[in-house]
Every structure is written in structure tokens, then in C-alpha cells.
Amino acid sequence: MKTYLRILQYARPLAAFLPQYLLYTVLTIFFSIGNFTLIIPLLSVLFDKTDKVPMQAPDHLPSFKPTIQWVTDTFNYFFADVLTTHGKMGALAFVCGVVVVSVLMSNVFRYLSLRLLAKVRARVIRNLRRDLYHRIIGLQLGFFTGERKGDLMSRFTADVQEVETSVVNTFTAVIKEPLTIVAYFLVLFHMSVPLTLFTLVLLPISGGIIATIAKRLRTQAKQSQKTLGTMLSVIDETLGGIRVIKAFNAQEYIKGKFEEQNDQYARTSRSIDNTRDLASPFSEFAGVSVVAGLLYFGGTLILGGKSALDGQTFIGYVILFSQVLTPAKALSSSFGNIQRGLVAGERVLSIIDTEPAIRDRPDATVLPPFERDIEFHNLSFSYGETPVLHDVNLTIKKGQTVALVGGSGGGKSTLADLLPRFYDPSGGQIFIDGHDLRACTLHSVRDQMGIVTQESILFNDTIFNNIRFNTEATEAEVMEAARIANAHDFIVASPEGYQTMIGDRGGRLSGGQRQRLSIARAILRNPPILILDEATSALDTESEKLVQEALQRLMQNRTSLVIAHRLSTVQHADEIVVLQHGRIVERGTHEELVRREGGVYQRLSSMQTNAALV
Ligand SMILES: Nc1ncnc2c1ncn2[C@@H]1O[C@H](COP(=O)(O)OP(=O)(O)O)[C@@H](O)[C@H]1O
Ligand SMILES: [Mg+2]
């Protein structure tokens, strides 16, 4: 219920459409009841029972009262009038004419209310997607390593879709159908009290059974959405890793993984459909049974002469009653859909409710432009329970280059990720010019940093837009940045120059070209602080030279934290820090460190020189 109300909140302001919707709905109901009750005078004409009508009809036009009696009296007045002046044929034409007008009106108002509903639905879904997207953008990096991408995608698509269906259904179910049922019953009571009381006893029994079916659907729906998420994750990984899958002849392996999820999804979908499909045959059976009971009961009353009802009114009554079953059925089957929608809604809202672990404090200040130094003070960090960094103390003075080296898994990338606050330290602090980063706004901290990592992250757009990314740079500035990054030549050689589309994640470029575009992007931003995490590690020697050159230019007049796998690339760093198992084990310049007998750096260095000689 809480979830339902919250989803409804996305339709706000309710005042903008609710009164209008109610008006349309009431008018629709009014005219559709009219359609069915007109069968009574029609039968009267056909079976030549018209002598009765003039008796019932008032002899002057009744003044307006908001009652059912007024409506019938007004109709009968005109009906009798036509009957006396134009005879039976005229009366037949009159009734048919009124039916046509009434059907037209009820459908016009139904259409208007559907239009209104479409508007509300579109608004709810747009707002929900927007909130979801904004939340995901705002969440810390750590969230995404814990959450599966496919699961997030399915929340964006399938779950939001499901909410969409449920919102429409709830609207009709919660507002229109009960109103319809109440209005029909008012008319039915007006026609015959004992018959209507009889039906009221039978209806709740079928209602109870339908509620049980709805409950079962809810449990199954939860299962189904989860499986879909896992399946989308597999699809996403497949598309991203298609090259590796083919290279390792792993098609069968990944097919097996996919099929397992696909089968499971098919199984839950089928059992959901089975349950849901049960609702309709069951309610049809229950409905007809009730009508049969009614025919029998009402028939005995009439045949026994115990009822004031005449034949045509009774038929009109039965037809009108059978129409109550439609909204009652819609109401019960939409309960099943609401359950599905609520499960989906909870999945969407649970993401929206996730508070970002890393965000600005209420009193956060703007970090002033970088002046003196960056200081890591007694820094420690763990991913969940696993400690990764211990007691790291490190100072980088403005204009210096500090290199982080050491074996894989030592915590170098983690340390670098702490600087732009992708994660916050578990212990200790990071200061820039003496300002604790956690007291500064995320935006102002990240604004001063440029990051180039091993895998360049590019977007499916033109080369120009990828370099210009989120800046106001002119074309000349973009080209200048590309020149500095050694990228200009290959760009102008591309089919459409700077306007060439680079494909999904830059798939149409070589690794070195992608990397030089990332460097050009960083150059354009012109940040005072640079973080380079194995920026050349993934490249061949040829493009490494081009990229290394570009990096050298990028690093000029900047303060850099460089993580390097190949020690040759950091020989000229002002300080080299060796990280092992999350601790600084050695530090100094290249010359100092190679001379340290038995040191980690010396060992790494000789290993790499030997490898180069082979
Ligand atoms: N997102 C993460 N969640 C949990 N553990 C992680 C995560 N990223 C890295 N680790 C672990 O932290 C340790 C240090 O990783 P990392 O900083 O990437 O090392 P390096 O860059 O020096 O190779 C490794 O043991 C790695 O398994
Ligand atoms: Mg790393």
C-alpha cells in the first residue's frame, strides 16, 4: 500500500487531472447504463406492450431532480409523446436514435478519460525514470561493483514498464470500476430490491477466491523479475566480452549459462501466466453461474406472480446485471497486475531510496585552486571487511611527479581512487593544501583532477564530442589538444575527420588511438592534478611511444600521481613509492632505489631489464 501511494505521488499534482477524470468517468457510466436500460422500452415496442408506457409516463415534463426516477420519467415522457404522435414505428425509431446518441456519448467520454490517463501515465513513468537515473548517477563507485549491471538495466526497463501497466490498471481499478459497480447497483436496486439482495450474497464468494490467486501472483512476480535481471547481466557480459568468448571457444559455455537463466525465466513466466489465466475462466464461470441463479430465482418470482416486475424489465435487469460483471472482473484481474506492478515498483524505489555513501556534507566548502601539496595522512582503507591499505603517509608537492609501483594487487589503484573521492578512506585523511577532502564538495575536488586509466572510457559519439566532453571548448582548442596528445594526425586521416563516429566504447579505434583521445580529453580540461593509472600498460611498444610522448606533454607543469607497471616509464619521477600488500615498503628516487641491495624495487627493476634483453 505504501509503495502504491508512493508511485501515485509521481502523478502529482493530482488536482490537475483528478476532477476532470472523475467527471468523464461519471458521464461514461451514466451513458453506458443508459445504453443497456434502453432495451426495456425497445422490448416494449417489439412485444407490443406499449399500452403500459403511457400509463407510467408523466403528463408533463418533470422538473430536474438528481434521481434515477427523474431520468426514467423524462425518457418516458418523450417516449409516450412520440408514441402518440408517430405510432409504434416512430417510437422504435426514437428508441434506436436515443441508443445511438447514448452510445456515442459514453464512448466519447471514455476516450477522453483514456487520453487523460495516458497523460498521467506518461508523466509518472518519465518522473520515475528520471529519479532513478539521477540516483544512479549520484551513487558512489562502490555501488556498481556490488550491483549487477543487467539487474540495474532490468529495473530501468522491465520494472518501470511493469509499473506503467500497474499504474493504468490501478487507476481504472481504484476509481472507475468501483464507481461503475456502485452506479449499476443503484440502478439495479431501483429496479428490484429482492433480486439485487440475492446477487449481493453470491458475489463475495468469488471475490475471495480471486484474492487468493492475486497473492500467489505476487510471489511469483518477484521471482520472475529477479531472473530477468540475471539474464540481462549475462547478455550484457556476452556483448561486452564477445571477442574473448570467441577466442576461448567459450560459446558453448556461455550458451549454457544463458540457457539456464532463460529456462528459469520461461518457467516462472509460464507459471505466472497459468495462475493469471486461471482468473479469467474462473470469474467467467462464477459470473454465468450467478446469472443462471438469478434467472432461476427471478423467473420463479415472475412465474409465481410474486413480483411487480414485468418480463421486459426483468430481461433488462439481467442484461444490466451481466454488465456489472465486467467491471467486477476487471477489478479482480487488475489486482493481479497491481501485485506485479508493486513488486516492480519496490525494485525501482529501493534504488531510488539508496543513499549515496559518498556525498557532500551539509557544511561542505569549495576546495580553492591547488597551491601547495597533496598529503595522505595515516591513510587506511578496506573494501567491506577486507583491508587493502595500511598507514599510508605520502606528500606530493605542487609540480612534482610521484610514481606508485609494486606488484599487482598491492593497492595502487585503490590509493589513486581515494584522491578523487571515488571511495572515502576508512582511516586517516587526505589533505589538499591542508583542506580535508571530506569537508570539500565532490565537484570542487574532482574539478581539479584529470584521470587517464588503462582502459580508456569513450562514448559512442564523434571524436570531436569525445574530446570536448562536458567543456565549452572551441574547435580550435579541441584540435590543439588533439595535437598535443599526438592524436591529430590519425583523426584527420579518419573518414570524416573530427566528426567520425567511434562506435560503442570507441570500438572502431585501436587501443593506442583510444588512449590518445582520453589524453586529449584530459588536456582540454587542463586540471592542475593528474592521476595516471597504468595509462600505457595495455599498449604495444609502437603506440606506447606515441602515448608516452603525449603523457609527457600532459604532465608538464602539473602535479601527477603516476601508477606504472613498466618502471622505465617512471624513472624520472621526483619520488618513487613501492606499495606492497597495502603498505609503503620503499621510497626514493630511481637512483636511490636501484642501489638498495635486496630491495623490492631493485628486484623488479632487474627482472624487467632481463625481460627486455631476452
Ligand atoms: N571494488 C573492489 N571490491 C573489493 N575488493 C577490491 C576491489 N577493487 C580491488 N579490490 C582488491 O583490493 C586489492 C588492491 O587492488 P588494487 O588497488 O586494484 O591493486 P593494484 O592496482 O595495485 O593492482 C586487491 O586485492 C583487490 O582484489
Ligand atoms: Mg591497478
- All conditions in (1) touching a helix residue (DSSP H, G or I) at 6+ places or on another chain (Cβ under 7 Å); (2) surrounded by 17 or more Cβ atoms within 10 Å (Cβ to Cβ); (3) not β-branched (Val, Ile, Thr) are true of PHE370 except (1)
- Within segment 259-284, which residues are hydrophobic (A, V, I, L, M, F, W, C) and either modelled with pLDDT under 80 or surrounded by 16 or more Cβ atoms within 10 Å (Cβ to Cβ) (or both)? ILE272, LEU278, ALA279, PHE282
- Query: How many residues are touching a helix residue (DSSP H, G or I) at 6+ places or on another chain (Cβ under 6 Å) and more than 23 Å from GLY384 (Cα to Cα) when one looks only at segment 416-458?
  - Reply: 5
- For ARG587, state whether it is surrounded by 16 or more Cβ atoms within 10 Å (Cβ to Cβ), modelled with pLDDT of 90 or more and of a type in the set (D, E, K, R). yes
- Note on the structure: Going through segment 568-579 in order, the residues found to be over 46 Å from the mean Cα position of the chain (by Cα), at pLDDT below 95 and either outside any loop (DSSP other than H, G, I, E, B) or within 16 Å of ligand 2 (Cβ to nearest atom) (or both) are SER568
- Message: Condition check: away from ligand 1 (no atom under 14 Å from the Cβ), part of a helix (DSSP H, G or I) and in contact (Cβ under 8 Å) with a residue 24 or more places away in the chain. Does THR536 satisfy that?
- Response: no
- Residues of segment 108-118 being surrounded by fewer than 12 Cβ atoms within 10 Å (Cβ to Cβ) and under 30 Å from ASP151 (Cα atoms), in sequence order, are ALA118
- Of the residues that make up segment 298-319, is at least one in contact (Cβ under 8 Å) with a residue 40 or more places away in the chain, surrounded by 13 or more Cβ atoms within 10 Å (Cβ to Cβ), in contact with a Lys or Arg (Cβ under 7 Å, 6 or more places away or on another chain) and among the small types (Gly, Ala, Ser)? no
- Note on the structure: Exactly one of LEU301, LEU349, LEU342 is in contact with a helix residue (DSSP H, G or I) (Cβ under 9 Å, 6 or more places away or on another chain), more than 30 Å from LYS149 (Cα to Cα) and away from ligand 2 (no atom under 16 Å from the Cβ), and that residue is LEU301
- Which of the residues belonging to segment 368-395 are within 16 Å of ligand 2 (Cβ to nearest atom), in contact with a strand residue (DSSP E or B) (Cβ under 9 Å, 6 or more places away or on another chain) and of a type in the set (S, T, N, Q)? none
- Query: Which condition breaks for CYS96 when tested against (1) within 54 Å of the chain's Cα centre (by Cα); (2) within 22 Å of PHE189 (Cα to Cα)?
  - Reply: (2)
- Say we look at segment 31-65 and pick out the residues that are aromatic (Phe, Trp, Tyr) and within 19 Å of VAL318 (Cβ to Cβ); which of these is modelled with the lowest pLDDT? PHE47
- Message: Looking at segment 597-614 only, could you name the residues that are modelled with pLDDT of 90 or more and loosely packed, with under 14 Cβ neighbours inside 10 Å?
- Response: ARG603
- Task: Determine if segment 129-141 includes at least one residue that is within 16 Å of ligand 2 (Cβ to nearest atom) and either touching a Leu at 6+ places or on another chain (Cβ under 8 Å) or modelled with pLDDT of 85 or more (or both).
- Result: yes
- Query: In the list VAL290, VAL343, which residue meets the criterion of being modelled with pLDDT under 80, in a helix (DSSP H, G or I) and out of contact with any strand residue (DSSP E or B) (no Cβ under 6 Å at 6 or more places or on another chain)?
  - Reply: VAL290
- Query: Take the residues of segment 373-383 that are surrounded by 13 or more Cβ atoms within 10 Å (Cβ to Cβ) and more than 16 Å from ligand 1 (Cβ to nearest atom): which is farthest from the chain's Cα centre (by Cα)?
  - Reply: ASP373
- Residues within segment 57-94 that are without any contact (Cβ under 8 Å) to a residue 24 or more places away in the chain, touching a Pro at 6+ places or on another chain (Cβ under 9 Å) and of a type in the set (Ser, Thr, Tyr), tallied: 2
- Looking for whichever is more than 16 Å from ligand 1 (Cβ to nearest atom), farther than 24 Å from LEU604 by Cβ and among the hydroxyl-bearing types (Ser, Thr, Tyr) here; the options are THR401, THR386, THR365. Which one fits? THR365
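The values are calculated or read from the model by the stated rules, or taken from the named source; none is laboratory data. The model shown is predicted, which means the values in this text are computed figures rather than measured ones. Virtual Cβ from ideal backbone geometry, glycine too; neighbours counted across all protein chains shown.
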